[in-house]
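This report concerns only the one structure given below.
The values are calculated or read from the model by the stated rules, or taken from the named source; none is laboratory data. Values in this document were obtained by computation on a predicted structure and should not be read as measured data. Cβ placement follows ideal geometry from the backbone for every residue including glycine, while neighbour counts extend to all protein chains displayed.
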Amino acid sequence: MLLQVHNICKSYRKGRPILNQIHLTVGKGEIVGLVGESGSGKSTLAKVIMQLEAPDKGAVYFQQQPITKHHRPNFYDNCQIIFQNATAALNPMWTVRDLLREPLQHKQPVTDSYLQTMLEKVKLPTDLLHALPSELSGGEKQRVNLLRSILVEPQLIVCDEIISSLDRLIQREIVDLLKTLNKERAMAILFISHDLKAVSYLCDRIYVMKAGTIVDESNKENDGFTFTDSYAKMLFQAMDN
Ligand SMILES: Nc1ncnc2c1ncn2[C@@H]1O[C@H](COP(=O)(O)OP(=O)(O)OP(=O)(O)O)[C@@H](O)[C@H]1O
């Protein structure tokens, strides 16, 4: 097992529980979806996984090890997160070249020709290397963001609503790109989204979250998912109509 979330509970400032006894796993090379209504706790869970928020209870394991302070550098080398707001994630003063070099600064120096090859991988024109974020479209910014995350060759990426603010066609292109990266690199993906169609298309397994609790889980079989929980059923039936 690559990622194991064990019995995570969290509330903010002694308020109502935001995450309630969450168990979730992501296997090597697996694409796992996490869906649920707005406010159900998906982003909070992503932050707990990435050690950006501390849980009140429970633990997150990566490659069977609890992620302690000592393990964090190795964890961040192997697990990257991408957020919805691509603009906020990119320093407006930096060119795409600067943005792509930054995650690799502790590795061996990278050449422009390598970065250009990588731009082609995410289907971006190579002359964007010298562009500033303000000169990129929303879809291009999210591809740069994605490329920044995969340059360090992580085993897992956590995508938190990364297609929400893009138009349908670009959403599909990004989802197909994730599929290709998963196939080519056996890179596991935790895909958090309220876009049920995208999640059903992309994922091997889906967790459904409601008010801080995982209420159902289903594996893809014959290109579809079967849920037993009434809320999960209702959510996915609404998608089909
Ligand atoms: N830093 C915080 N302090 C207090 N409450 C918070 C904080 N962050 C999130 N919350 C609350 O936690 C709940 C879950 O929020 P979260 O962002 O995890 O949900 P979500 O499922 O990701 O929603 P969305 O799909 O809208 O992003 C919400 O009620 C939110 O108001």
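Quick notes on this structure:
- Segment 24-46, subset of a type in the set (Val, Ile, Thr) and within 12 Å of the ligand (Cβ to nearest atom), residue surrounded by the fewest Cβ atoms within 10 Å (Cβ to Cβ): Thr44
- Test result for Lys47, of a type in the set (Lys, Arg), out of contact with any Pro (no Cβ under 9 Å at 6 or more places or on another chain) and in a loop (DSSP other than H, G, I, E, B): no
- Hey, Ile49 more than 26 Å from Asn219 (Cβ to Cβ), within 13 Å of the ligand (Cβ to nearest atom) and among the β-branched types (Val, Ile, Thr) or not: no
- Residue count for segment 147-164, restricted to those that are surrounded by fewer than 23 Cβ atoms within 10 Å (Cβ to Cβ) and either outside any strand (DSSP E or B) or small (Gly, Ala, Ser) (or both): 11
- Tallying residues that are modelled with pLDDT of 95 or more and in a strand (DSSP E or B) within segment 50-79 yields 7.
- Every test in (1) modelled with pLDDT of 90 or more; (2) surrounded by fewer than 17 Cβ atoms within 10 Å (Cβ to Cβ) is passed by Arg101 save one, and that test is (2).
- Ser218 falls short on exactly one of the conditions (1) of a type in the set (Ser, Thr, Tyr); (2) outside any loop (DSSP other than H, G, I, E, B); (3) free of Cβ contacts under 8 Å to residues at least 40 places away in the same chain; (4) surrounded by fewer than 14 Cβ atoms within 10 Å (Cβ to Cβ), and that condition is (4).
- Of all residues in segment 3-23, those that are more than 9 Å from the ligand (Cβ to nearest atom) and among the aromatic types (Phe, Trp, Tyr) total 0.
- Scanning segment 79-93 for any residue that is out of contact with any helix residue (DSSP H, G or I) (no Cβ under 9 Å at 6 or more places or on another chain), within 26 Å of Leu115 (Cα to Cα), of a type in the set (S, T, N, Q) and without any contact (Cβ under 8 Å) to a residue 12 or more places away in the chain turns up nothing.
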